[in-house]
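The values are calculated or read from the model by the stated rules, or taken from the named source; none is laboratory data. Since we're looking at a predicted model, the values are computed, not measured. Using ideal geometry, Cβ is built from the backbone for each residue, glycine included, and neighbour counts are taken over all protein chains shown.
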Amino acid sequence: MHASVVAADLPPGAEGAMVRAARSSGLKAVVIRTALIAYRQAVSEGAVKRSVLTVIDYSLPSREPRLWVLDVAHGTVLARELVAHGRGSGDDVAQRFSNRPNSYESSLGTFVTADTYEGKNGLSLRLDGLNAGLNDRAMERGIVMHGAWYVSEAMVRQQGRLGRSEGCPALSPAVAPRIIDMIRGGSVVFAYYPSSALRRAIGLS
């Protein structure tokens, strides 16, 4: 499903419907509301081509599905999946985040999906960070969404958590192509953690 309208074209009540649908699927109210603030900012900057919003809640452990794909225009949840964080960020729960190359840490904030390519992990999606000092080196760092063998329910059963990436939001190989196809081409990805740096980046403090 490819939603093609962006915020200016949303019908009345669409945002409220989105919040309700997201919360009913397990996404915390503070997370979806913060993500929508970031989404509106990206739209106002002219960075968004599609009204699809992907939210990653890094305050949740890796053993829980913590990536949501939302159709903002229609107020629906398209997917909820497992996603790995960088090995420099922590074990099961991510606690450290960085914009630095070679940190192997995940980055927080607002990204817009760019082009895709076939790499060592198969179909991969480049992410362009919009927040200066927080994630704007994502392209330089090679932060992409891709499938990885260490992301699966079997891995959780085996070691109590997912494996970890070099900073990329890695998905299960079984779902990565579908999710990448849903969000490619100018949609927003928002990576959340209750961080003062994140709040400052999107103007909340």
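Details
- Considering the conditions (1) among the charged types (D, E, K, R); (2) at pLDDT below 95; (3) in a strand (DSSP E or B), Glu118 is excluded by exactly one of them, (2).
- Any chance Thr76 is of a type in the set (S, T, N, Q), in contact with a helix residue (DSSP H, G or I) (Cβ under 8 Å, 6 or more places away or on another chain) and surrounded by fewer than 18 Cβ atoms within 10 Å (Cβ to Cβ): yes
- Those strands (runs of 3 or more DSSP E) lying entirely in the stretch 40-115 with at least 1 residues under 17 Å from Pro169 (Cβ atoms) and over 13 Å from the mean Cα position of the chain (by Cα): 76-81
- Residue within the stretch 38-48 that is closer than 22 Å to Gly147 by Cβ, of a type in the set (A, V, I, L, M), crowded, with 17+ Cβ neighbours inside 10 Å and touching a strand residue (DSSP E or B) at 6+ places or on another chain (Cβ under 8 Å) present: no
- If only residues of the stretch 75-89 that are of a type outside the set (A, V, I, L, M) and free of Cβ contacts under 8 Å to residues at least 60 places away in the same chain are counted, the one that is farthest from Ser24 (Cα to Cα) is Arg80.
- Residue within the stretch 181-190 that is under 20 Å from Ser62 (Cα atoms) and touching a strand residue (DSSP E or B) at 6+ places or on another chain (Cβ under 9 Å) present: yes
- Residues that are under 17 Å from Val48 (Cβ atoms), crowded, with 22+ Cβ neighbours inside 10 Å and without any contact (Cβ under 8 Å) to a residue 40 or more places away in the chain, drawn from the stretch 122-146: Gly129, Ala138
- Selection status of Asp136, within 18 Å of Phe190 (Cα to Cα), outside any loop (DSSP other than H, G, I, E, B) and among the acidic types (Asp, Glu): no
- Scanning the stretch 116-138 for residues that are more than 16 Å from Ala170 (Cα to Cα), of a type in the set (A, V, I, L, M) and over 16 Å from the mean Cα position of the chain (by Cα) yields one hit, Ala132.
- For the stretch 54-67, the criterion of being without any contact (Cβ under 8 Å) to a residue 60 or more places away in the chain, surrounded by fewer than 17 Cβ atoms within 10 Å (Cβ to Cβ) and farther than 14 Å from Ile183 by Cβ is satisfied by at least one residue.
- For the stretch 41-53, a tally of residues being more than 25 Å from Asp181 (Cβ to Cβ) and in contact with a helix residue (DSSP H, G or I) (Cβ under 6 Å, 6 or more places away or on another chain) returns 0.
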